[in-house]
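*Asks:* After the C-alpha cells below, expect a handful of questions from me.
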Amino acid sequence: MGETEAKSTNGALHTHSSADSTALASPEDQPPICGPQHAIIEKSILPHTLPASTVAENLNTHLDHGLSSDEAAARLERDGMNTIKTSKGPSLWEIFLAQVANALTMVLIAVTVLSFAIDDYIEGAVVAAVIVLNIVVGLVQDYRAEQTIQSLYALSTPKCKVIRNGVSDTVKAETLVKGDIVALATGDMIPADLRLIQGINLATDEALLTGESIAMSKKPEAVFQEADMPIGDRTNLVYSGSSVTRGRGTGIVIATAMETEVGQIAELLRQEKRDTTGKSPLAKFLIKAYTSFRGIMGLEGTPLQVTLSKFALLLFGLAILLAIIVFSASKFNISDEVLLYGICVGVAVIPESLLAVLTVTMAVATKAMVKGNVIVRQMPSLEAVGGVTNICSDKTGTLTQGRMITRKVWLRNDLEGSVTGAGDPYDPGSGTVSWSAPLAGSVLSQFLTTLTLCNNSTVTDGRKEPETDSSSVTTANDSDSQWRAMGEPTEIALKVFAMRFGKNHSNGDELLAEHPFDSSIKCMSVVYGNKIEGTRTAYTKGAVEVMLTYLDEDEKFKGDILAKADSLAEQGLRVLCIASKSMSDSQAEDVNDRAKVEKNLKFLGLAGLYDPPRQETAGAIEACHGAGITVHMVTGDHIKTATSIAYEIGLIKKGMDLPPNAVMAAADFGALSDDQIDQIEYLPVVLARCSPLTKVRMIQALHRRKAFCIMTGDGVNDSPALKQADVGIAMGDRGSDVAKEASDMVLTDDNFASIVTGIKEGRRLSDNIQKFLLHLLTSNLAQVILLLIGLAFKDGDNNSVFPLSPLEILWANLITSSPLALGLGLEEAQPDILQRPPRSLRTGVFTKDLVRDQLVYGTCMGSVCLMVFMLVAYAGQGFVDLNTGCNTDGGGQCNLIFEARATTFATLSFLLLVTSWEVKHFHRSLFAMDERYSGPLSVFRTIYHNKFLFWSVIAGFLITFPLIYIPVFNTEVFKHRGLTWEWGVVAGGVVLYIALIESWKAVKRAFGLGVDHHPTGGMTV
C-alpha cells in the first residue's frame, strides 16, 4: 500500500503514505492502530507471531472443544471478570467534599464562626443558612448529572457465543477467560481480544479503536514474523469493542479486561495527571499534599473556579484589612461594639450569596442544555466552554456521520452520476442523483445489478419490500421509514445506491459461487445463474489497481479508467471498480475457479464512496469561525480524505492561501520536537493518520500557546485526549463508555452543532455571571465606602455609629440582591454573542471593563447612601456628636439615627433594584437598551422582558415598606424606624444615581471603553 512506519519523538507509532500513494482506497487501506507502545500490561505471548494451534497449546485449550466448565470457572476466579475498570464516578461523599472544599465557602464558614463567637446569633444563623444552601444545591445538581451519565453507559451486559466442553453456549461477555473459544457472526460485538482460528469473509469495524471508518478484513491463517508490528496490521487478531461487519469465524481469547487494547487505553485515563514515577516517597507525599492544597483552595479547575477562588481569598484578606482599619480607628481599644462594627465591615465586603446564585444559575443553564441534547457532568465546564479558543475534533462519527455513502459513479461511455443532499446514508430516498447525460443505452442496469448481487449487506426499513421495476431510475420511499442496515459500510453504501433505482434482489437468479473479499486479492466475485434461461453471469467489485489487470479492455481505455479513478481519489473518495461478464455453458465448471471467474471482465463503472459530513457540521464550523474559535480536525483517516472533508465542511476555505503546515500527517507532526512545534506559526487545522498520543500531543501544544481547548470524540482512541483537554466532550449515542468516562460533557445526539449551542450557552452564562458579579460587588463596595467613612460618625462615647445595622447589611446582600442576581443569571443571550472573540483566559470574568464599572457604580452608590444618611442625621444641627447606645439599643434618643439608618437602608435597597436593570447591558442606556423596542416607553418593555428579574424588583420594592414600618420588628431587629419626609431624600438619591450611571455609560460609548473587537474567524493559532 506504499506505507512506511516511523517512530515519533513521543514513542507513538505513525503511518504515512509515500509520495505516489493515492486514496484509490480499497476497503483494505488499513491504518495501523497507533496505540501506546508502552503497554501498561504486557501480554505473556505474542499471538500474532504464532499459529492458532500453538496459541491454543500455550493457553492449555482445545481448538474444537474449548475449555471445560470447571477450568473456565477456575480461570475466572484467578483472573477476574472481563470488564474494563473505569471509575463509577464520584460518590455522594466525594461530591459533598467538593462543594465544601472551596475558598469562598471557607470564608463564609469563618464569618459564621466569628458571628457566633461574639453572640451575634442572627447574623451567624443567616450566613450558616447560606452555606447550607450553597452545598445542597451544588450537591443535588452534580449528583443528578453523574447519575444521568452513568445511565448512558451502553455496554451493560453484552453476551457472546462460546464453546466449552465441546458444546456451543451463550454466556455473558464478562465471564470470558483466556483460552475460551468464541464464535463470531455478522453483527456481533467482539467481547475480548481474540487470535482467530478460522474465518470466512470476516471483517471487523474498528472505528472506535482506530478512527478508521472502513472495515478491516481478517486473515486467520496469517502468521507474522515481526513481533512489534503495528497493531492494525495484525490481521489474524480481532479486538474487544469492535464489531463484525461481515462473515463469520472463531477465535481464542488471548486477553481480557485491562489486558485488551481497549483496556490499555482506559488505563491511560487512570494515571495521575502529575507523573510521580521514579520519585522518592517524600517527593510523592509533597506532590500529593501540594496538589490537595491547591484543590482545597480552588486553584485547580476551570478558569471560573480558579478565578472565584482567588477572588474569595482576596476578599478574605481585604475583610481582615478592613477590620484592622476599624480597630485602628478606635486605637485598638476593642470593645464588643467595635468588634461588631469590624465584623460588619468585613461582612459587607464579602458577597455571601455569590456561590448560591452561581450554583443555581448554572443548574438552570445545565437543565437548558439537557433540552439541547447536552449533558453537563461538571457544572463549571459549562461556563468554561464559553471561553474556548480551539476545538480539536475527531472526524469519523463527529464531524461526519461515521457511515459510508456512494457519492459519485462513473459508467463506461463517460457517464457520470452524483448524489447530493443525502441526509440519511441508509435511506435510498434521501437526496437526489443527477447525471451528466441521458441514461438511454447506458450500462446502468448491469452496474446496479452488480452492486446488488456482489454484496452481503442488508438494508431495510422493516417493512415488506415493494415490487419495483429494475430498470426504473427513481424510487418512491416513505420518508417516515426508519432505515436500518447490517454489514460492511462499503457494501451498505453500494446497496443503498442500487436501491435508489429499485435494485434490491436477484430477480430469481441463483447463487452458484461466491469468492469472498480477500485483503491480498482486494476484490470479491459472485456467480449467479438462471436455470430457466440457462445463463451464468459473474459480478465483481474491487480495488481499481487490481481490477485493471482483470479487465478485457484496451490499454487506452484502462488509462482513462485509471485517470478517472485518480480524479475521484483527489476528491477524497474511496474508489471501487465494478465489472461483470457472461459465462457460457462450456464454462459451467469454472464457476468455482476464482482465477477463471476473475478474468476477461467487462468494465461497467467506478463507484466513489465517502463518509459524509453531518448536515449541520458546516454551519457549526462557520459559527465557530465567526466566534473567533479555531477548529482542528484530528483523525486517523487518510490525509486526502480528511482534506476533502475539511474543504466540504468549510474548515478550510476554498481558494484560501493555506499556511505551510495547515494540513499535516501525524508522522510529520510526531517527528517534530516540542520546540519545533512551538515555532510553527499556525498549528495544523487538519492532522491526519493520528494515534491517541498524537492527539494528546496536539492538545499539549495548544496548551503551551495558552489556548483553551475542547476535544470532541466518540472512540476509545479519543479518550486520552478527552481527559487532557480543558473540556472533553464525548458522543452519547455511538460513543464508547471509555470516552464518556473521560469527558466533562456528553452530546446525547452526537451532533457537532450541539457544541456550538454549548459554546453559546457558555458565553451567555459568562456574560450573565459578569452581570450579577457587577451587581453584587457594586453593593459590597458601596457598603464598604459607607461603613469606612461612617467611622467618622461618632457618638458621645466616641464610638462609631453604624450607618447600617448588621442585619440590614445581610438583608441587602442576601434577600435583596440574591433574587436580582439570579434574575440577571437568567438573561437571554445577546444577539451578537457568537460574533465576539473568546474572552481573555488571563482576566477571566473579571475583565477591565467589569472592574472599572464596579468601581464607578460602587462609588456612586456608596456616595449617594452616605449623602442621604448625613442629610437626615445632621440636617439642621450640623456635624455634632450623635446620641449614644444606638448601635445595639433603641429608645427615644435614637429616633434621629434610626430614621437616618432607615433612609440609608431604603436608598440602598432601591439603588440595588435599579442597578439590576442598569447592568443588563454594560454600554447601552437603560432607556434605549433593546434594539427590538423603540420610543419613549421602550424602557418598560425592556425591563419587563426578563419577567423573573422584573418581579424580583417589584417584590424587593414592596417588601422594603413593611421592614421599615412594622413596629418592634423595625426597631429591635433592624435598628431603624418609620419614615415621613425622608422619602423625598430617598427619591432624590435614586434619581441622582440613575443620572450618574447614565452619564458614565455615555462616556463609555463616546470613548469606546470596554468594546469587544469582532474576530475575522479562521485560524487563530
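*Asks:* Within the group VAL419, VAL459, VAL409, which residue is of a type in the set (Val, Ile, Thr) and within 14 Å of GLY605 (Cα to Cα)? Lay out the reasoning, then the answer.
*Replies:* Numbers: VAL419 fails: within 14 Å of GLY605 (Cα to Cα); VAL459 fails: within 14 Å of GLY605 (Cα to Cα).
Just one listed residue meets the conditions, VAL409.
*Asks:* Could you figure out which of (1) in a helix (DSSP H, G or I); (2) over 30 Å from ILE639 (Cα atoms) isn't true of ARG536?
*Replies:* It fails just one condition, (1).
Matching residues to (1) open to solvent by less than 10 Å² (accessible area, probe 1.4 Å); (2) outside any loop (DSSP other than H, G, I, E, B); (3) aliphatic (A, V, I, L, M); (4) in contact with an Asp or Glu (Cβ under 7 Å, 6 or more places away or on another chain):
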| site | (1), (2), (3), (4) |
| --- | --- |
| ARG403 | no, no, no, yes |
| ARG407 | no, yes, no, no |
| TRP410 | no, yes, no, yes |
| ASN413 | no, no, no, no |
| PRO425 | yes, no, no, no |
| SER434 | no, yes, no, no |
| PRO438 | no, no, no, no |
| GLY441 | no, no, no, no |
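The rows are residues; the columns are (1) among the basic types (Lys, Arg); (2) in contact with a Pro (Cβ under 8 Å, 6 or more places away or on another chain).
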| position | (1), (2) |
| --- | --- |
| GLY487 | no, no |
| GLY502 | no, no |
| ASN507 | no, no |
| LEU511 | no, no |
| PHE517 | no, yes |
| LYS522 | yes, no |
| VAL544 | no, no |
| LEU551 | no, no |
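*Asks:* Further question: Hey, ILE320 hits all of (1) β-branched (Val, Ile, Thr); (2) in a helix (DSSP H, G or I); (3) touching a residue at least 60 places away in the same chain (Cβ under 8 Å) but one; which does it fall short on?
*Replies:* So the condition that ILE320 fails would be (3).
*Asks:* Just to be sure I understand, how many residues within region 142-160 are at pLDDT below 70 and open to solvent by less than 20 Å² (accessible area, probe 1.4 Å)?
*Replies:* 3
*Asks:* Let me ask you something else. What are the residue pairs meeting all of these: first residue in region 421-434, first residue without any contact (Cβ under 8 Å) to a residue 12 or more places away in the chain, second residue open to solvent by 40 Å² or more (accessible area, probe 1.4 Å) and not in a loop (DSSP other than H, G, I, E, B), Cβ atoms under 8 Å, and 6 or more apart or on different chains?
*Replies:* GLY421/THR432
*Asks:* Please determine, by comparing only the residues of region 816-846 that are assigned to a helix (DSSP H, G or I) and in contact with a Gly (Cβ under 8 Å, 6 or more places away or on another chain), which one is most open to solvent (accessible area, probe 1.4 Å).
*Replies:* Residues of region 816-846 assigned to a helix (DSSP H, G or I): 816-825, 833-835.
Still in the list and also in contact with a Gly (Cβ under 8 Å, 6 or more places away or on another chain): 816, 819-820, 834-835.
Numbers: THR816: 15, PRO819: 47, LEU820: 1, LEU834: 29, GLN835: 84 Å².
Across region 816-846, the extreme among qualifying residues is GLN835.
*Asks:* Kindly indicate which of LEU926, LEU963 is crowded, with 17+ Cβ neighbours inside 10 Å, of a type outside the set (Asp, Glu), closer than 30 Å to CYS344 by Cα and modelled with pLDDT of 90 or more.
*Replies:* LEU963
*Asks:* Can you tell me which residue in region 699-728 is farthest from LEU683 (Cα to Cα), limited to those that are part of a helix (DSSP H, G or I) and open to solvent by 20 Å² or more (accessible area, probe 1.4 Å)? Step through it out loud before you land on a result.
*Replies:* First pass over region 699-728, keeping only residues part of a helix (DSSP H, G or I): 699-704, 716-724.
Subsequent filtering for residues that are open to solvent by 20 Å² or more (accessible area, probe 1.4 Å) retains 700, 703-704, 723-724.
On the way: GLN700: 12, HIS703: 12, ARG704: 12, LYS723: 20, GLN724: 18 Å.
The residue in question is LYS723.
*Asks:* Given the residues LEU866, LEU871, LEU850, which is the only one that is at pLDDT 85 or above and open to solvent by 60 Å² or more (accessible area, probe 1.4 Å)?
*Replies:* Working: LEU866 fails: open to solvent by 60 Å² or more (accessible area, probe 1.4 Å); LEU850 fails: open to solvent by 60 Å² or more (accessible area, probe 1.4 Å).
Matching residue, one of LEU866, LEU871, LEU850: LEU871.
*Asks:* Follow-up question, since we're still on this one. Restricting to region 793-815, give me the number of residues that are acidic (Asp, Glu), surrounded by 20 or more Cβ atoms within 10 Å (Cβ to Cβ) and modelled with pLDDT under 85. Let's see the steps before the verdict.
*Replies:* Step one: filter region 793-815 for residues acidic (Asp, Glu), giving 795, 797, 808.
Applying the additional criterion that residues be surrounded by 20 or more Cβ atoms within 10 Å (Cβ to Cβ) yields 808.
Filter once more, keeping what is modelled with pLDDT under 85: none.
Qualifying residue count for the region: 0.
*Asks:* Examine region 579-599 for a residue that is surrounded by 15 or more Cβ atoms within 10 Å (Cβ to Cβ) and under 30 Å from THR400 (Cβ atoms), and state whether such a residue exists.
*Replies:* yes
*Asks:* Here is a check on your reading of the model: is ALA39 among the small types (Gly, Ala, Ser), surrounded by 13 or more Cβ atoms within 10 Å (Cβ to Cβ) and modelled with pLDDT of 90 or more? Walk me through it before giving the result.
*Replies:* Values: among the small types (Gly, Ala, Ser): yes; surrounded by 13 or more Cβ atoms within 10 Å (Cβ to Cβ): yes; modelled with pLDDT of 90 or more: no.
Answer is no for this residue.
*Asks:* Here is a check on your reading of the model: is GLU899 out of contact with any Asp or Glu (no Cβ under 7 Å at 6 or more places or on another chain) and of a type in the set (D, E, K, R)? Can you show your working first?
*Replies:* Values: out of contact with any Asp or Glu (no Cβ under 7 Å at 6 or more places or on another chain): no; of a type in the set (D, E, K, R): yes.
Against the criterion (out of contact with any Asp or Glu (no Cβ under 7 Å at 6 or more places or on another chain) and of a type in the set (D, E, K, R)), GLU899 does not qualify.
*Asks:* Hey, any hits in region 694-702 for a residue that's farther than 21 Å from GLY387 by Cβ, under 21 Å from the mean Cα position of the chain (by Cα), aliphatic (A, V, I, L, M) and modelled with pLDDT under 90?
*Replies:* Taking region 694-702 first, the residues farther than 21 Å from GLY387 by Cβ are 694-697.
So of that shortlist, the ones also under 21 Å from the mean Cα position of the chain (by Cα) come out as 694-697.
Among the residues that remain, those that are also aliphatic (A, V, I, L, M) are: 696.
Imposing the further condition that a residue be modelled with pLDDT under 90 reduces the set to 696.
Checking region 694-702: at least one residue is farther than 21 Å from GLY387 by Cβ, under 21 Å from the mean Cα position of the chain (by Cα), aliphatic (A, V, I, L, M) and modelled with pLDDT under 90.
*Asks:* All but one of (1) more than 22 Å from ALA753 (Cα to Cα); (2) modelled with pLDDT under 90 hold for GLN615, so report the exception by its number.
*Replies:* (1)
*Asks:* Now a separate question. Exactly one condition in (1) at pLDDT 95 or above; (2) closer than 23 Å to LEU896 by Cα; (3) among the hydrophobic types (A, V, I, L, M, F, W, C) is false for VAL968; which is it?
*Replies:* With respect to (1) at pLDDT 95 or above; (2) closer than 23 Å to LEU896 by Cα; (3) among the hydrophobic types (A, V, I, L, M, F, W, C), VAL968 is out only on (1).
*Asks:* When you scan region 849-871, do you find a residue that is in contact with a helix residue (DSSP H, G or I) (Cβ under 7 Å, 6 or more places away or on another chain) and not in a helix (DSSP H, G or I), even just one?
*Replies:* No, region 849-871 contains no residue that is in contact with a helix residue (DSSP H, G or I) (Cβ under 7 Å, 6 or more places away or on another chain) and not in a helix (DSSP H, G or I).
*Asks:* Does ILE391 meet the test of being open to solvent by 10 Å² or more (accessible area, probe 1.4 Å), outside any helix (DSSP H, G or I) and within 27 Å of GLY619 (Cα to Cα)? Give the steps one after another, and end with the answer.
*Replies:* Numbers: open to solvent by 10 Å² or more (accessible area, probe 1.4 Å): no; outside any helix (DSSP H, G or I): yes; within 27 Å of GLY619 (Cα to Cα): yes.
It is false that ILE391 is open to solvent by 10 Å² or more (accessible area, probe 1.4 Å), outside any helix (DSSP H, G or I) and within 27 Å of GLY619 (Cα to Cα).
*Asks:* When region 882-938 is examined, which residues are found to be part of a loop (DSSP other than H, G, I, E, B), closer than 23 Å to ILE959 by Cβ and of a type in the set (A, V, I, L, M)? Give the steps one after another, and end with the answer.
*Replies:* Looking only at region 882-938, we keep the residues that are part of a loop (DSSP other than H, G, I, E, B), and these are 883-891, 919-925, 929-937.
After this cut, where a residue has to be closer than 23 Å to ILE959 by Cβ as well, the list is 890, 919-920.
Passing the criteria: only VAL919.
*Asks:* Among the residues of region 966-1013, count how many are under 41 Å from the mean Cα position of the chain (by Cα), of a type outside the set (Lys, Arg) and assigned to a helix (DSSP H, G or I).
*Replies:* Initial filter on region 966-1013 (under 41 Å from the mean Cα position of the chain (by Cα)): 997-998, 1000-1013.
Still in the running and of a type outside the set (Lys, Arg): 997-998, 1000, 1002-1003, 1006-1013.
Add one more test, that the residue is assigned to a helix (DSSP H, G or I), and what stays is 997-998, 1000, 1002-1003, 1006-1007.
Residues meeting the conditions: 7.
The values are calculated or read from the model by the stated rules, or taken from the named source; none is laboratory data. Because the structure is predicted, anything quoted here is derived from the model rather than measured. Quick reminder, even Gly has a Cβ in these numbers, built from the backbone with ideal geometry, and neighbours come from all protein chains shown. When the accessible area is computed, the model is the full protein with side chains, heavy atoms only, and any ligands, DNA or RNA have been set aside. Shrake-Rupley method; radii C 1.70, N 1.55, O 1.52, S 1.80 Å.
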